[in-house]
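**Q** Following this message is one structure expressed as structure tokens.
Every number here is computed from the coordinates shown, using simple stated rules; none is lab data. Since this is a predicted model, take the numbers as computed values, not measurements. Don't worry about glycine lacking a Cβ; one is built from the backbone with ideal geometry, like all the others, and counts go over all protein chains shown.
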Amino acid sequence: DPAAVRALRRHVRAEIARIVGDFARHSAPDHIVGTSKTFKQLARIAGAARSAEGVYAQRSLSRAALEEWVPRLAAMTHADRAQLPGVSADRAPQLLAGALVAEGAMDLFGVAELEICPWALREGVILRRLDRLPAG
């Protein structure tokens, strides 16, 4: 429903806008990274390399590509989204909401493009824990 998508977009942007100012006092970032399965799936439908090409294949997501995909995702059913490259049937229902959050965050933070990290929070926690283990 287009009205529901507009309402969700407004809500997402209002919530993100509440914290944008907190970041303004810090220096501008020199590297923007998106990490989660949702970001990986959004990048994949926008043309990024497949998972089969390995974790070291460079993947990115541009705000322009995301802005093109949001209306397309909104017009699709969950089953249609599950047929997109890299999108699983289990995650297809939440892909539009994730796209609206990503689009809003990239817009409000002024991010034109971000790099896709092949790992997510869980892997980051594990790697940090491994880094802190005593040597030997």
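**Q** Which loop-located chymotrypsin sites (Phe, Trp or Tyr not before Pro) does segment 39-74 contain, where loop means any DSSP state but H, G, I, E or B and the Cβ has at most 15 other Cβ atoms within 10 Å? Don't skip to the end; give the middle numbers.
**A** Numbers: sites: 39, 56, 69; in loops: 56.
Qualifying residues, ordered by number: 56.
**Q** Taking the alpha-carbon set of segment 24-136, what are its Rg and Dmax in Å?
**A** 15.7, 55
**Q** Go through segment 5-76 and name the trypsin sites (Lys or Arg not before Pro) that are in a DSSP coil and have 14 or fewer other Cβ atoms within 10 Å of their Cβ.
**A** Working: sites: 6, 9, 10, 13, 18, 25, 37, 40, 44, 50, 59, 63, 72; in loops: 25, 50, 59.
Qualifying residues, ordered by number: 25, 50.
**Q** Quick one: Cα centre-to-centre distance for segment 101-136 and segment 29-63, in angstrom?
**A** Distance between centres, Cα-based: 12 Å.
**Q** Does segment 22-79 come out rounded, prolate or oblate, given a ≥ b ≥ c as the square roots of the eigenvalues of its C-alpha gyration tensor, rounded meaning a/c under 1.5 and, failing that, prolate meaning a/b above b/c?
**A** On the way: a/c = 2.51, a/b = 1.32, b/c = 1.90.
It comes out oblate by the Cα gyration axes.
**Q** Another one. Please turn the phi angles of segment 95-105 into ³J(HN,Hα) values with the Karplus equation 6.51 cos²θ - 1.76 cosθ + 1.60 (θ = phi - 60°), one per residue in order, whole Hz, x for glycine and proline.
**A** Whole-Hz 3J(HN,Hα) from phi for segment 95-105: 4, 5, 4, x, 5, 5, 5, 4, 4, x, 5.
**Q** Relative to the Cα centre, what is the charge dipole magnitude of segment 1-109, using +1 at the beta carbon of each Lys and Arg, -1 at the beta carbon of each Asp and Glu, and rounding to the nearest 20 debye? Please report the intermediate quantities before stating the final value.
**A** On the way: 15 positive and 11 negative charges, 18 e Å.
With only Lys, Arg, Asp and Glu charged at Cβ, the dipole is about 80 debye.
**Q** Follow-up. Could you give the dipole magnitude of segment 17-72 about its Cα centre, charging the beta-carbon of Lys and Arg +1 and that of Asp and Glu -1, in debye to the nearest 20?
**A** Values: 9 positive and 5 negative charges, 41 e Å.
Here segment 17-72 has a charge dipole of around 200 debye.
**Q** Once the dipole of segment 1-58 is set up with Lys and Arg at +1 and Asp and Glu at -1 on Cβ about the Cα centre, which of 5, 35, 19 lies farthest towards its positive end?
**A** 5
**Q** Please label the shape of segment 75-136 as rounded, prolate or oblate, based on the square roots a ≥ b ≥ c of the eigenvalues of the alpha-carbon gyration tensor (a/c under 1.5 means rounded; beyond that, a/b larger than b/c means prolate, else oblate). It would help to have the intermediate numbers written out before the result.
**A** Details: a/c = 3.53, a/b = 1.71, b/c = 2.07.
The shape class here is oblate.
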